[in-house]
Amino acid sequence: MIVLAAEKKGKVLHMSNIHETAIVAPGAKIGKNVEIGPYAIIGENVEIGAGTVVGPHVVIKGWTTIGKNNEIFHGASIGFEPQDLKFDGEKSYLFIGDDNTIRENVTIHRGTADGGGETRIGNDNLLMAYCHVAHDCQLGSHIVMSNATNLAGHVVIEDHTVIAGMVGVHQFVRIGKMSMVGAHSKVVKDVPPYILVDGHPAGVNGINVVGLRRNGVTPEKRREIKRAYKTLYRSKLNIDEAIEKMDQELDASEEIEHFLRFLRNASRGICR
């Protein structure tokens, strides 16, 4: 049985479908046309945007803000305390954007004081079943994380990245935009943008040409990315020398500038 909940704010009446077995704390802010399924639990400091669907047995707690038109499948655990021994109960946050699909039994944790205090996920992402996003991770938009992929704390994933199933990503690793990580990989170094990596530990297997095409990167820009790849990985130069050579010889574009900026900030080193 579905019950209709109404909350009046000024002259606006917000209506949501909340199952009679769901538990929604009085302080939770539920947007218009939100659906909350059987036995779901929504905590006191949770905010859920309009049109979001929360499936059966989902638990959302902590200082968690979820945007519009997301779909969260059954058994997901969202906004829980981080699995970090340094965490001491401090107030921390989780922010999830719009139009995300979060599949069965996904776990996403809030941030820690040492990591800036927040975990953040952008828009239009697909997190498949049994994925884990740890404390202080920063995910962009249009990301695909396949089944049972696990991110340790402080991981950064840029836009339009594809991560295959059962991948483990080490803490503080950054994965650049439009890159792809092969299934069962162990990622312990940064993955530069536009690159395909695979293995245990992950090594570079070439350029993610399919991803570049799908995201509308022009042939001219793909050629410059190929030149950048050859300079970085086939010239026998160290990273600093390769950056200098690319900076001098490659045509300036948003893609190349981002590639160079990523390399300059690769504090963990990059996949080789």
- Note on the structure: Of those in segment 221-272 that are of a type in the set (S, T, N, Q) and either assigned to a loop (DSSP other than H, G, I, E, B) or under 28 Å from the mean Cα position of the chain (by Cα) (or both), the residue farthest from I207 (Cα to Cα) is S267
- Message: Can you tell me which residue is farthest from the chain's Cα centre (by Cα) among those in segment 22-42 that are over 14 Å from I66 (Cβ atoms) and buried (at least 20 other Cβ atoms within 10 Å of the Cβ)?
- Response: A22
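Being surrounded by fewer than 20 Cβ atoms within 10 Å (Cβ to Cβ), in contact with a strand residue (DSSP E or B) (Cβ under 8 Å, 6 or more places away or on another chain) and of a type in the set (D, E) narrows it down to one residue among D198, D190, D240; which is it? Even if it seems obvious, please write down each step before you answer.
Numbers: D190 fails: surrounded by fewer than 20 Cβ atoms within 10 Å (Cβ to Cβ); D240 fails: in contact with a strand residue (DSSP E or B) (Cβ under 8 Å, 6 or more places away or on another chain).
Exactly one residue qualifies, and that residue is D198.
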- Exactly one condition in (1) open to solvent by 50 Å² or more (accessible area, probe 1.4 Å); (2) closer than 15 Å to V156 by Cβ; (3) hydroxyl-bearing (S, T, Y) is not met by Y130; state its number. (2)
- Task: Any residue in segment 41-53 that's at pLDDT 95 or above: show its pairings with residues that are among the basic types (K, R) at Cβ separation under 6 Å, as long as the two are six or more apart or on different chains.
- Result: G43/K61; E47/K29; G49/K68; A50/K32; A50/K68; G51/K68
- Note on the structure: Of the listed residues (R223, R268), the one being surrounded by fewer than 19 Cβ atoms within 10 Å (Cβ to Cβ) and touching a residue at least 12 places away in the same chain (Cβ under 8 Å) is R268
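Going through segment 174-187 one residue at a time, which ones are in a loop (DSSP other than H, G, I, E, B) and crowded, with 22+ Cβ neighbours inside 10 Å?
From segment 174-187, those in a loop (DSSP other than H, G, I, E, B) are 176-179, 182-185; that's our starting set.
G176, K177, M178, S179, S185 - these are the residues of segment 174-187 that are in a loop (DSSP other than H, G, I, E, B) and crowded, with 22+ Cβ neighbours inside 10 Å.
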- Message: H135 - would you say it is more than 20 Å from F262 (Cβ to Cβ) and either part of a loop (DSSP other than H, G, I, E, B) or in contact (Cβ under 8 Å) with a residue 12 or more places away in the chain (or both)?
- Response: yes
- Task: Evaluate segment 104-121: report whether one residue or more is basic (K, R), touching a Gly at 6+ places or on another chain (Cβ under 8 Å) and under 18 Å from C271 (Cα atoms).
- Result: no
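The values are calculated or read from the model by the stated rules, or taken from the named source; none is laboratory data. Remember, predicted model here, so these are calculated numbers, not experimental data. Because the Cβ atoms are built from the backbone with ideal geometry, glycine has one as well, and the counts that use them run over all protein chains shown. For the accessible areas, the whole protein counts, side chains as well, though only heavy atoms, and no ligand, DNA or RNA atoms are used. Shrake-Rupley method; radii C 1.70, N 1.55, O 1.52, S 1.80 Å.
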